[in-house]
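No value in this document is a laboratory result; all are computed from the given coordinates. The shown structure was predicted, so the numbers you read here are calculated from the model rather than taken from an experiment. When we count neighbours, we look across all protein chains shown, and the Cβ atoms used for this are built from the backbone with ideal geometry, even at glycine.
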Amino acid sequence: MIDLSLAETHKGLKEKKFSSTELTQAYLDRIEKTDDKLNAYVTVTKEIALEAAGKADKEGKFKNPLAGIPMNLKDIICTAGIKTTACSKILENYIPPYDADVWARLKNAGAVLLGKANTDQFAMGSSSETSYFGVTKNPWDPERVAGGSSGGPAASVAADQCVFAIGTDTGGSIRQPASLCSCVGLKVSYGRVPRYGVISYASSFDTIGPVTKTVEDAAMVLNVIAGRSDNDSTTPDEPVPDYTKSLKTGLKGVKVGVPKEYFEGVEKETADAINQGIETLKKLGAKVVDVSLPLTRYAIPTYYLLVKSEASTNMARYDGIKYGHTTDDAKELLEIYMKSRAEGFGDEVKRTIMIGTYALSAGYYDAFYLKAAKVRALMKQEYEEVFKKVDVLAAPTSPFTAFRIGEKMDDPLAMYAADTLTVPAGICGLPGLSVPAGFDKNGLPIGMQILASQYKEENLFHVGHAFEQATEWHKKKPEL
Amino acid sequence: MKLSHDEVKHIAKLARLGLTDEEVEKFSTQLSDILSHAKMLEEVGTENVEPIAQITGLKNITFDDSKKDCAFTDELLKQSPQSVQDHMIKVKNVF
């Protein structure tokens, strides 16, 4: 039963083919058996899971599609009473007193928390290698990375260690690992899901979304977690439609744009797979047109200047005083700050703080931060123009398949380049979906990225579902 | 562009971040590379472009400016690794 999609699992629970307790136990066994190899989980909440499953069974109706469904949360999503570490030393023992909105909504729907999933430290990274608790390995090849920063959520979904997982995506952190692990990953429009209780990376970029086994599953989860919240003033009052209504199979009348810039510097096997995927969309009735987004080549520097700047201010709250790790080697206040942060942060977090502080400092603010904020405005316009002509864009998610552990760790610019095709959606606040679209000759997964304009998640579900129904890629499972 | 060790140390001080000598050396190279790469943005014409700091287009989201009780004040205070007295965190001397 652990290989079932969310829709199938929900049906099974409703028809009493299995109980939530049996299901939850099966997933806990699977985690116990496979996680030594993968390191997808940093905390397993066995008792809490079995208690929630028992409660769902006792109630017995499974009216909500998420009732009794075992899942996990990336470990930067606050869970009251359960350790939330951001996979860092500075928050190694942090137990938040409150729930993130996204978890409160899931819990209220009856979801069963299996545990907290691994991530790059404070979500800063593209490989999960910066986690204080060690790298998450790719289920398709354990010598390679699962991607990041939501490597734990993606690897756990691919390896059937949960029905679905919740990750966060600032510049690709859901879509890229979903692509590298062969699952479905949804980045929502900025503001679609409230950020309250999710440990901040870059506040004008961060989004929260599901990693799932099918496109339908992603729509089912979004139905529960989307919508404005009083706790987050950046959630607009946009209506939340029933996203499962947009899961149609034909693509007649749908216009798909193919941005040529998204194929520059992309590995040939990846480009071939995506071109083949675009042919499939054509066969389904979509009208495919070439489009151009020339500012795409400036996306990476624009992204890291803005994100690292926002992050450097967000990280100021970790001061060794209010919460988290503090040094035991300080005589005065300044030393507490300097040493607690030196001891508590990993390499990429320090690099982030340094770049951000530099870009925001007097004398460099105009040349770096402000310049990037202007390019961001231009990029937003460029995408708005293109979405006047097409309903969605189709492109690769990642320029390459899963890379070897350690390969890019000493070269930050090479690591940042892994996000080349995913950062534009972060910069412009757009929704994006990665769906399984093939494998390279080494048997490593390739993902196709579908992008839409703000709050048009429905278009992603429509095109993604039609593509999935016409292909078999999502059915292939890694051998563990 | 190349960042000197002194510049790296200055930025680290502004950021309240202690660095070892090895880290100063490493960041001086890496930050120089990253900021040099970022210079490519100079190719983009941005005259008369208004910068944006958010992406929703929302304006002036306000709430009542009134006192509200926090449900978990004590639990938040318990998070502090420093000593707490009378609902206040006691910190070390500034000098």
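Axis of helix B:5-14 versus longest Cα principal axis of chain B: the two differ by about 30°, to the nearest ten degrees. What shape does segment A:110-172 have by the C-alpha gyration tensor, where a ≥ b ≥ c are the square roots of the eigenvalues, rounded means a/c under 1.5, and otherwise prolate means a/b greater than b/c and oblate the rest? Verdict is oblate for segment A:110-172.
When peptides A:392-402, A:134-144, A:171-181 are ranked by their average number of other Cβ atoms within 10 Å per residue, the highest-first order is A:171-181, A:392-402, A:134-144. Taking all pairs of different Cα atoms in segment A:112-260, averaging 1/r and flipping that mean, what Kirkwood radius in angstroms comes out? Mean inverse Cα-Cα distance, inverted, gives 15.9 Å. With the convex hull constructed from alpha-carbon coordinates only, the protein assembly as shown shows a mean projected area of 26.0 nm² over all directions. Normalised by 2.2 N^0.38 Å, where N counts its residues, the alpha-carbon radius of gyration of segment A:312-395 equals 1.64.
Take A:439-448, A:106-115, B:65-74, A:327-336 and order them by the average number of nearby Cβ atoms within 10 Å per residue, most first; the result is A:106-115, A:439-448, A:327-336, B:65-74. Legend: ranking of residues A:D410, A:D347 from fewest to most surrounding C-beta atoms inside 10 Å; resulting order A:D410, A:D347. Distance between the pseudo-spin-label points of B:M40 and A:T249 (7 Å out from Cα toward the beta carbon): 4.4 nm. Here segment B:21-66 is treated as a sphere whose radius is the Kirkwood value from Cα pairs; by Stokes-Einstein at 10 °C and 1.306 mPa s it diffuses with a coefficient of 106 µm²/s.
Pairs of Cα atoms under 8 Å, at least six residues apart: use those to get the relative contact order of chain A, whole percent. Don't jump to the answer; show the numbers that get you there.
Working: 1182 pairs, mean separation 85.3, N = 480.
The normalised contact order for chain A reaches 18 percent.
Can you order the peptides A:414-427, A:150-163 by their average number of other Cβ atoms within 10 Å per residue, highest first?
Put in order of decreasing packing, that is A:150-163, A:414-427.
Adding -39500 (n - 2.57) for every DSSP H run of four residues or longer, then dividing by how many residues the protein assembly as shown holds, sets the calculated 222 nm ellipticity at -11000 deg cm²/dmol.
Look at the dipole of chain A built from charges on Cβ: of A:Y201, A:G324, A:V188, the Cα furthest out on the positive end belongs to A:V188.
Oblate is the label for segment B:40-95. Its Cα gyration tensor axes, ordered a ≥ b ≥ c, give a/c of at least 1.5 and b/c at or above a/b.
Please report, to two decimal places, log10 I(q)/I(0) for segment A:215-265 at q = 0.24, 0.28, 0.32 Å⁻¹ as given by the Debye formula with identical point scatterers on the Cα atoms and no solvent. Debye output, listed in q order: -0.92, -1.02, -1.16. Modelled spin-label separation between A:R297 and A:M1, with each label point placed 7 Å from Cα along the Cα-to-Cβ direction: 5.5 nm. Working from label points 7 Å from Cα in the Cα-to-Cβ sense, the B:L14 to A:E15 distance is 6.3 nm. Three principal axis extents describe the C-alpha atoms of chain B; from largest down they are 53, 43, 21 Å.
Each Lys and Arg Cβ is given +1 and each Asp and Glu Cβ -1; about its Cα centre, the protein assembly as shown then shows a dipole of about 1160 debye.
Run a plain Debye calculation on segment A:173-281 (Cα atoms as equal point scatterers, no solvent) and give log10 I(q)/I(0) at q = 0.20, 0.22, 0.24 Å⁻¹, rounded to two decimals, same order as the q list. Calculated log10 I(q)/I(0) at the listed q: -1.23, -1.31, -1.35. Comparing Cα centroids, segment A:385-418 and segment A:423-475 end up 13 angstrom apart. Applying the Karplus relation 6.51 cos²θ - 1.76 cosθ + 1.60 with θ = phi - 60° to segment A:122-139 yields 3J(HN,Hα) values of 6, 6, 9, x, 10, 8, 6, 6, 8, 4, 5, 9, x, 5, 8, 8, 6, x Hz, where x marks Gly and Pro.
Considering only the Cα atoms of segment A:342-480, their convex hull presents on average a projected area of 12.0 nm².
For a paramagnetic label modelled on A:K83 (point 7 Å from Cα along Cα→Cβ), amide N atoms under 11 Å away belong, within segment A:106-122, to A:116. With neighbours defined as other Cβ atoms within 10 Å of a residue's Cβ, the residues B:D6, A:D272 order from fewest to most as B:D6, A:D272. What percentages make up the Cα-Cα pair-distance distribution of segment A:1-125 when the bins are 5 Å wide from 0? Using 5 Å bins, I get a P(r) of 2, 12, 20, 22, 19, 14, 7, 3, 1, 0 for segment A:1-125. Normalised Debye scattering of segment A:302-350 at q = 0.16, 0.22 Å⁻¹ gives log10 I(q)/I(0) of -0.48, -0.77, counting only Cα atoms as equal scatterers and leaving out solvent. Other protein chain C-beta atoms within 10 Å of residue C-beta, averaged over B:77-86: 4. For segment A:21-29, the Karplus equation 6.51 cos²θ - 1.76 cosθ + 1.60, evaluated at θ = phi - 60°, returns couplings of 5, 4, 4, 4, 4, 4, 5, 4, 5 Hz by residue, with Gly and Pro reported as x. Extension gain for the segment A:K475 to A:A26, taken as residue separation times 0.36 nm less the Cα-Cα distance, is 159.6 nm to one decimal.
Over all directions, the average projected area of the alpha-carbon convex hull for segment A:59-160 comes to how many nm²?
Over every viewing direction, the Cα hull of segment A:59-160 projects on average to 6.9 nm².
Averaged over peptide A:335-343, the number of partner chain Cβ atoms lying within 10 Å of each residue's Cβ comes to 4. Look at the stretch A:233-240: the mean tally of other chain Cβ atoms within 10 Å of its residues' Cβ atoms is 3.
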